[in-house]
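The values are calculated or read from the model by the stated rules, or taken from the named source; none is laboratory data. Small disclaimer: the values here were computed from a predicted structure and weren't measured. Ideal geometry is used to build each Cβ from the backbone, glycine not excepted, and the neighbour counts take in all protein chains shown.
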Amino acid sequence: MASWDIMHGSRAVAEAVRLADVDVIAAYPITPQTHIVEDTAKMVADGDIRAEYVKVESEHSAMSVVIAASGTGARTFTATASQGLALMWEMLFVASGMRLPVVMVNANRALSAPISIWNDQQDSIASRDVGWIQLYVETNQEALDTTLMAYRIAEDAGVQLPVMVCMDGFVLTHTVEPVEVPDEEQVSKFLPKFKPQQYLDPKDPMALGPIAFPNVYTELRAMQQQAMDGAMSVIEKVNDEFSAVFNRSYGNGLVEEFKTEDAEVIIVTLGSVAGTIKDVIDERGDSKVGLLRIKSFRPLPEDEIRRALKGAKVVGVIEKDVSIGLGKGALASEVRDVMYGSGDSKILSFIAGLGGRDITLDSVRGVIDTCEKALSEDVETVHWVDLKTE
Amino acid sequence: MIEIRFHGRGGQGVVTAADLLAMSAFYDEKYCQAFPSFGVERRGAPVLAFARMDDKPVRRRNQVARPDYVLVQDSTLLDVIDVSSGLKEGGTVIINTSKNASEIELASDATLYTVDGTKIALDVLGRPIVNTVMLGIFSGITGEVSIDGVKKAVEKRFSGKLQEKNLRAVEIAFEKAGEVK
């Protein structure tokens, strides 16, 4: 039976790992992901997850272990954050290049230096080009559900790509809230045992990830992009099927629209701050402002974004990252790229919540005020929200 | 939506108090949320934690800046910070102290209750950890969560002797709150 409980986001992820019946877990603890490691380790020790838990000395090794295990056809899980993701970086390309359906939860956290254990999304945004699917979640429930969906997406025969589930560190991992833990039988119906297309087998030897000479490398990279393109419809399908079994879904799986229909101003964002933005939009009591939450950042659902933003005169992208040197948020620059040639909406970049700075109701109100001002006058394109100037 | 801010010091179980309050609301069949202020919590350093409860899902993720209730576990904080900062009009502050409410001055004209929670904790738990005591007091004074909800939360979080003692502490605190009120 599905059951309601109240739990930390980390625990919700561990429940998903248990329900997904994974075979191999390898992870190295790092704040704010630590409880995911602890909870899954305990579940394995207690026999609640029948998996091999490989203790490793670093995140580079954690990723190496799940890559190797996945290569043998095992369903695998790992989790990390920030510096840990950075240390894995080399192996992230290996997982995607070998087309291995590894699932990882990244508890989004700022990067050093200066050291910050707190939340922003610079870590996963800086890893946007590693060839992983990236799904950003808003709630603990969505973290659990998306971890389950991630296996379906990653293991789909036409996709075969690793998936990174991105959840805001502390803001979700360390927050308790009600979560419905799905029924095991229903999960096994939605997510049956993994049947790999091909795997390392001593009886039928093959090589994974050998050298590619210039005559094939480009084609292999193009195939990764094709798989990403194909993943778009798979993500939608999996979201629909999840909804059919569990009665919950998240927009169309790629994006979630909130009051965008008649909106002149549309805020675009990733992750948990969407909840705060929804409250601020609702308190207005009009239909002038809407929200587009991008759940799938990779693949980036260009058509969905274009369709959702079509009617907006001003688009304000709030994000917890900045591309230093470009001088704006990475998502803002991508939204601008997507909207190029379709309409003349103003696209503003709002850099907020870096290194754990609270994005308050007033922060969001301020962003919306700036966007409304942009309806009738010129405003700066880039805004550092709540920046102290003294 | 009801928003609560907890003040205490590292090592006093402030984060657990917020978690337990959200759990109490959950067992009262309300939507809820609790989280700490995510500091690098050192023993003795001022610590904040937050809780929210509502009849509909709690969506916002910002720290509680405009609380309906403030719970202060350690009265030595009153010399250091303005615990009533941002309190909503008609808001309530509950302080764990042996002093009377009339002996305490707050920066705002909040409704103020004082309870000697440390005494209850020392009597029942044998340790000056007041987080569960504060929840019994909160339930007794405000009625925002039921005493049954608080007890269920304590049962879920603690086991064995610790559970037994904390349940007793909660009950005594709940009754004491009745007197204060």
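Points worth noting:
- Qualifying residue in region A:189-205 (condition: in the same structural domain as A:Ala107 (by TED's automatic domain parsing) and touching a strand residue (DSSP E or B) at 6+ places or on another chain (Cβ under 9 Å)): no
- Qualifying residue in region A:64-77 (condition: without any contact (Cβ under 8 Å) to a residue 24 or more places away in the chain and either of a type outside the set (Lys, Arg) or touching a Lys or Arg at 6+ places or on another chain (Cβ under 6 Å) (or both)): yes
- Residues located in region B:1-47, provided they are among the acidic types (Asp, Glu) and in contact with a Phe, Trp or Tyr (Cβ under 9 Å, 6 or more places away or on another chain): B:Glu3, B:Asp19
- Any hit, region A:2-13, residues being more than 14 Å from every other protein chain (Cβ to nearest Cβ) and at pLDDT 95 or above: yes
- Positions within region B:37-78 being part of a strand (DSSP E or B) and either surrounded by fewer than 23 Cβ atoms within 10 Å (Cβ to Cβ) or within 14 Å of chain A (Cβ to nearest Cβ) (or both), in sequence order: B:Pro46, B:Val47, B:Leu48, B:Ala49, B:Phe50, B:Ala51, B:Arg52, B:Met53, B:Asp54
- For region A:315-335, a residue qualifies if it is within 18 Å of A:Asp358 (Cα to Cα) and crowded, with 24+ Cβ neighbours inside 10 Å, and the qualifying residues are A:Val317, A:Ile318, A:Glu319, A:Lys320, A:Asp321, A:Gly329.
- Residues of region B:1-36 classified as in a loop (DSSP other than H, G, I, E, B), surrounded by 20 or more Cβ atoms within 10 Å (Cβ to Cβ) and touching an Asp or Glu at 6+ places or on another chain (Cβ under 9 Å), total: 2
- When every residue of region A:139-160 is checked against the conditions, at least one turns out to be buried (at least 24 other Cβ atoms within 10 Å of the Cβ), assigned to a loop (DSSP other than H, G, I, E, B), within 13 Å of chain B (Cβ to nearest Cβ) and in contact (Cβ under 8 Å) with a residue 24 or more places away in the chain.
- Within region A:334-373, tally of residues that are hydroxyl-bearing (Ser, Thr, Tyr) and within 14 Å of another protein chain (Cβ to nearest Cβ): 2
- Selection count where residues are buried (at least 17 other Cβ atoms within 10 Å of the Cβ), within 14 Å of chain B (Cβ to nearest Cβ) and over 28 Å from A:Gln122 (Cβ atoms), scope region A:230-264: 1
- Residue identified as outside any helix (DSSP H, G or I) and in contact with an Asp or Glu (Cβ under 9 Å, 6 or more places away or on another chain) among A:Pro210, A:Pro196, A:Pro205, A:Pro192: A:Pro196
- Residue satisfying condition, being crowded, with 22+ Cβ neighbours inside 10 Å, within 17 Å of the chain's Cα centre (by Cα) and on the phi > 0 side of the Ramachandran plot, within set A:Ser124, A:Ser82: A:Ser82
- Here B:Met23 qualifies as within 9 Å of another protein chain (Cβ to nearest Cβ) and not aromatic (Phe, Trp, Tyr).
- Criterion: assigned by TED's automatic domain parsing to the domain that holds A:Asp145 and assigned to a loop (DSSP other than H, G, I, E, B) - qualifying residue of A:Gly84, A:Gly47: A:Gly47
- Boolean, B:Arg5 is closer than 25 Å to B:Lys181 by Cβ, charged (D, E, K, R) and within 11 Å of another protein chain (Cβ to nearest Cβ): no
- Residues in region A:265-297 that are away from chain B (no Cβ under 12 Å), surrounded by fewer than 22 Cβ atoms within 10 Å (Cβ to Cβ) and in contact with a strand residue (DSSP E or B) (Cβ under 7 Å, 6 or more places away or on another chain): A:Lys288 alone.
- Against the conditions (1) assigned to a helix (DSSP H, G or I); (2) surrounded by fewer than 15 Cβ atoms within 10 Å (Cβ to Cβ); (3) without any contact (Cβ under 8 Å) to a residue 60 or more places away in the chain, B:Asp148 satisfies every one except (3).
- Number of residues in region A:183-235 that are in contact with a Phe, Trp or Tyr (Cβ under 8 Å, 6 or more places away or on another chain) and over 24 Å from A:Arg298 (Cα atoms): the value is 1.
- Residues of region A:89-121 satisfying the condition of being surrounded by 21 or more Cβ atoms within 10 Å (Cβ to Cβ) and either within 14 Å of chain B (Cβ to nearest Cβ) or closer than 28 Å to A:Asp358 by Cα (or both): A:Met104, A:Val105, A:Asn106, A:Ala107, A:Asn108, A:Arg109, A:Ala110, A:Trp118, A:Asn119, A:Asp120, A:Gln121
- Just one of (1) in contact (Cβ under 8 Å) with a residue 24 or more places away in the chain; (2) within 14 Å of chain B (Cβ to nearest Cβ) fails for A:Val56. It is (2).
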